[in-house]
């Protein structure tokens, strides 16, 4: 199956974007696709072979899941490649564009939801990330 790609351009320096994307104290503030979900806990061992766990839950407590995986490659301020625990791979690229930073994520789709639904969910999280980084400045 073809990878799904989402991206955004953030009005912030690369260093800020990288820190907000990778540090648990920031991840818990932006990692949700909608207002009725949140990420109450995040663990991130950001190194090749390191693992991550982001807890994602509905704010009303009705459902939740752990988003987990292992890093295949970490190139600071440039690229993160990881394998989710279900075997799918994803790659995140960071690129400076003038005084902005472009973040692009390409990931293997899963089979339970349509590619359109997956794209919109991952894009919503990335849009939430952009909003968080730009408001934190």
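Taking the criterion of being exposed (fewer than 12 other Cβ atoms within 10 Å of the Cβ) and not in a loop (DSSP other than H, G, I, E, B), the only residue of segment 48-66 that qualifies is 65.
Considering every residue within segment 81-103, establish whether at least one is within 16 Å of residue 132 (Cβ to Cβ), out of contact with any helix residue (DSSP H, G or I) (no Cβ under 6 Å at 6 or more places or on another chain), in a loop (DSSP other than H, G, I, E, B) and touching a residue at least 60 places away in the same chain (Cβ under 8 Å). Within segment 81-103, none of the residues are within 16 Å of residue 132 (Cβ to Cβ), out of contact with any helix residue (DSSP H, G or I) (no Cβ under 6 Å at 6 or more places or on another chain), in a loop (DSSP other than H, G, I, E, B) and touching a residue at least 60 places away in the same chain (Cβ under 8 Å). Residue 111 meets each of the listed conditions (1) surrounded by 14 or more Cβ atoms within 10 Å (Cβ to Cβ); (2) in a loop (DSSP other than H, G, I, E, B) apart from (1).
Among the criteria (1) buried (at least 16 other Cβ atoms within 10 Å of the Cβ); (2) in contact with a helix residue (DSSP H, G or I) (Cβ under 9 Å, 6 or more places away or on another chain); (3) farther than 18 Å from residue 71 by Cβ, the one residue 20 does not fulfil is (3).
Considering every residue within segment 29-47, establish whether at least one is part of a helix (DSSP H, G or I), farther than 18 Å from residue 6 by Cβ and modelled with pLDDT of 95 or more. Don't jump to the end; show me each part of the working.
Start the filter on segment 29-47 by keeping residues that are part of a helix (DSSP H, G or I), which leaves 29-30.
When the remaining residues are screened for being farther than 18 Å from residue 6 by Cβ, the result is 29.
Right, trim to modelled with pLDDT of 95 or more and you get 29.
Yes, segment 29-47 contains a residue that is part of a helix (DSSP H, G or I), farther than 18 Å from residue 6 by Cβ and modelled with pLDDT of 95 or more.
Select, from 39, 34, the only residue that is surrounded by fewer than 13 Cβ atoms within 10 Å (Cβ to Cβ), in contact (Cβ under 8 Å) with a residue 12 or more places away in the chain and touching a helix residue (DSSP H, G or I) at 6+ places or on another chain (Cβ under 8 Å).
On the way: 39 fails: surrounded by fewer than 13 Cβ atoms within 10 Å (Cβ to Cβ).
It is 34.
The values are calculated or read from the model by the stated rules, or taken from the named source; none is laboratory data. This is a predicted model, so every value here is computed, not measured. Please note: Cβ atoms are built from the backbone with ideal geometry, for glycine as well, and neighbour counts cover all protein chains shown.
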